[in-house]
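Let me begin by presenting the structure, written as structure tokens, before commenting on it.
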Amino acid sequence: MKLYPLLLATILPSIALAAPLPSYELQIRDGHFSPASLQVAAGQRFKIIVHNLGQGPVEFESTPLRIEKVLSPGVSSFVVIHPLKPGSYGFFDEFHPELPPGVIEAR
Amino acid sequence: MEQALLIVWRESVEALLVIGILFAWLRQQPGRRHAMAYLWGGVGLGLLLAGLLAGLMALAGNWMNGPAGEWFQAGLSLVASLLILQMACWMARHGGQLRQQLQRDAGAALQQGRLLSLSLLVALAVAREGSETVIFLYGASASANPSSLALGALLGLLLGLACFALLQAGSRFIAWRQFFLISEWLLILLGGALLISALDRASAQWMALELPEQLYNLIGTPLWDSSVLLDDGSRVGTLLASLTGYRAMPSTLQALLLGGYWLLAWRLLRKPAPVLCSSLA
């Protein structure tokens, strides 16, 4: 019980001061990513808003980015990615494994 | 066609591993006919659930990808990973014994409650990956040549069944004790992978909130980077990640949770102390 106000005191300021997360749009059309490459700031959380604009379902997946999302046609969703170290991180559509992967460049 | 073959095969590997190991183990148990009914019942229930989940993703895609759906999917993985721990513990107590000993002890091993968790585990394993296969095939059938798609899916399933047969053959050729030692640990690795997959879904939800920075370090910041040795974004790395929970850049929480799971499994399996195990199994 004593901890509760303390917990609130730690959480509340961060809610109040929170700036909106940098966010990026990503379209998937039957396994093709647009844009195929996203530049993001390293060391900072960010949001990717994905839209499946294709005819069929896609599975937006990346182990290093810790994403696994099945999206039916017409569905939009978002993922928030943890702060990345500088480098490039691939993602792909598991339902179209023959197509080139997309990439996130963290700088 | 190759695409359908690969996807159906890969999506079925996890479930077939669980079914195959449990099948090989149950075959050695007294009163197995009764138990096998639970195993196949679990498979049937899993197929039904796979269809339902696929329907949910198709009809309520926005809900399934929203917080409620993500927590629901994380919950499925978490329950499956705990059931694997329980099952492996149960096997460790009864699997390594000789048949004659088992028969003297008949009835003790295969109790109703345990058989229900066996059914549930099999159902979850089939449903999780099965639903993705259903969605893939449904989507592909609209665009691809249906007969070539069906052929690919059939071949993928046959390849999966061949793996199942290989596992059963292995249980005959390799010494009984060794086979169960290996298969118990294969199950534990898979259980760890399910746990990490549940954690990833949960942490993606936490990432979207505004929590104190220290928490984000715990669930986000990599503890080490072994991507030079094995990149988890590569094809082999991704497969290994889905079967063992391997991550090239694990967060502190991922490493702690997986390490803790293995340690708990090791304690439960190495020394199946009646107290520890009976509380679980």
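The values are calculated or read from the model by the stated rules, or taken from the named source; none is laboratory data. This one's a predicted model, so the numbers in the text were calculated from it and none came from an experiment. Methodologically, a virtual Cβ is constructed for each residue, glycine included, from the backbone with ideal geometry; neighbour enumeration extends over all protein chains shown.
Yes/no matrix, rows are residues, columns are (1) in contact with a helix residue (DSSP H, G or I) (Cβ under 7 Å, 6 or more places away or on another chain); (2) surrounded by fewer than 14 Cβ atoms within 10 Å (Cβ to Cβ):
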residue	(1), (2)
B:Leu137	yes, no
B:Ala142	no, yes
B:Asn145	no, yes
B:Ala162	no, yes
B:Phe180	yes, no
B:Ala193	yes, no
B:Asp200	no, no
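For region B:219-239, the count of residues that are more than 7 Å from every other protein chain (Cβ to nearest Cβ), under 22 Å from B:Glu70 (Cα atoms) and among the small types (Gly, Ala, Ser) is zero. Looking across B:Tyr261, B:Tyr216, one residue alone is farther than 17 Å from A:Tyr89 by Cβ, more than 10 Å from chain A (Cβ to nearest Cβ) and aromatic (Phe, Trp, Tyr). It is B:Tyr261. Candidates are the residues of region A:76-107 that are of a type in the set (A, V, I, L, M) and buried (at least 21 other Cβ atoms within 10 Å of the Cβ); the one that is nearest to B:Ile135 (Cα to Cα) is A:Val79.
Scan region B:202-220 for residues that are surrounded by 19 or more Cβ atoms within 10 Å (Cβ to Cβ) and touching a strand residue (DSSP E or B) at 6+ places or on another chain (Cβ under 7 Å) and the total you get is 4.
Which of the helices (runs of 4 or more DSSP H) found entirely inside region B:1-101 contain at least 1 residues meeting this: aliphatic (A, V, I, L, M), surrounded by fewer than 22 Cβ atoms within 10 Å (Cβ to Cβ) and touching a residue at least 24 places away in the same chain (Cβ under 8 Å)? Walk me through it before giving the result.
Details: elements: B:2-26, B:32-59, B:61-64, B:67-94.
Filter on region B:1-101 gives B:2-26, B:32-59, B:67-94.
So that you can scan it fast, the table gives a plain yes or no per residue for (1) under 18 Å from B:Trp25 (Cβ atoms); (2) away from chain A (no Cβ under 12 Å); (3) without any contact (Cβ under 8 Å) to a residue 12 or more places away in the chain:
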residue: B:Leu116; (1), (2), (3): yes, yes, no
residue: B:Ala125; (1), (2), (3): yes, yes, no
residue: B:Gly130; (1), (2), (3): no, yes, no
residue: B:Leu137; (1), (2), (3): no, no, no
residue: B:Gly152; (1), (2), (3): no, yes, no
residue: B:Leu158; (1), (2), (3): no, yes, yes
residue: B:Ala165; (1), (2), (3): yes, yes, yes
residue: B:Ile174; (1), (2), (3): yes, yes, yes
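Filtering region A:51-67 down to residues that are under 24 Å from B:Ala144 (Cα atoms) and under 12 Å from the mean Cα position of the chain (by Cα), which residue is farthest from the other protein chains (Cβ to nearest Cβ)? Show your work before the answer.
Here is the first cut: in region A:51-67, the ones under 24 Å from B:Ala144 (Cα atoms) are A:51-61.
Those still in the list that are under 12 Å from the mean Cα position of the chain (by Cα) too: A:51, A:60-61.
Working: A:His51: 11, A:Phe60: 10, A:Glu61: 8 Å.
Checking each candidate, the answer is A:His51.
Give me a count of the residues in region B:221-239 that are of a type in the set (S, T, N, Q), buried (at least 18 other Cβ atoms within 10 Å of the Cβ) and in a loop (DSSP other than H, G, I, E, B). If you could, list the steps in order and put the result at the bottom.
First, the residues of region B:221-239 that are of a type in the set (S, T, N, Q): B:221, B:226-227, B:234, B:238.
Filter once more, keeping what is buried (at least 18 other Cβ atoms within 10 Å of the Cβ): B:227, B:238.
Pick out the ones that are also in a loop (DSSP other than H, G, I, E, B) and you get B:227.
Looking only at that region, the number is 1.
Take the residues in region B:196-210 that are facing another protein chain (nearest Cβ under 7 Å) and in a loop (DSSP other than H, G, I, E, B), then tell me which one is modelled with the highest pLDDT. Per the stated criteria, the residue is B:Ala208.
For residues that are closer than 26 Å to B:Leu149 by Cβ and within 12 Å of the chain's Cα centre (by Cα), scanning just region A:69-101, find the one that is nearest to the other protein chains (Cβ to nearest Cβ). Before you say what the answer is, go through the steps one by one.
First pass over region A:69-101, keeping only residues closer than 26 Å to B:Leu149 by Cβ: A:69-75, A:91-101.
Then drop every residue that is not within 12 Å of the chain's Cα centre (by Cα), which leaves A:69, A:91.
Details: A:Lys69: 6, A:Phe91: 8 Å.
Among those that are closer than 26 Å to B:Leu149 by Cβ and within 12 Å of the chain's Cα centre (by Cα), it is A:Lys69.
Those strands (runs of 3 or more DSSP E) of region A:14-107 in which at least 3 residues are at negative phi, free of Cβ contacts under 8 Å to residues at least 40 places away in the same chain and in contact with a Leu (Cβ under 7 Å, 6 or more places away or on another chain), considering only elements entirely within it, cover A:23-29, A:46-52.
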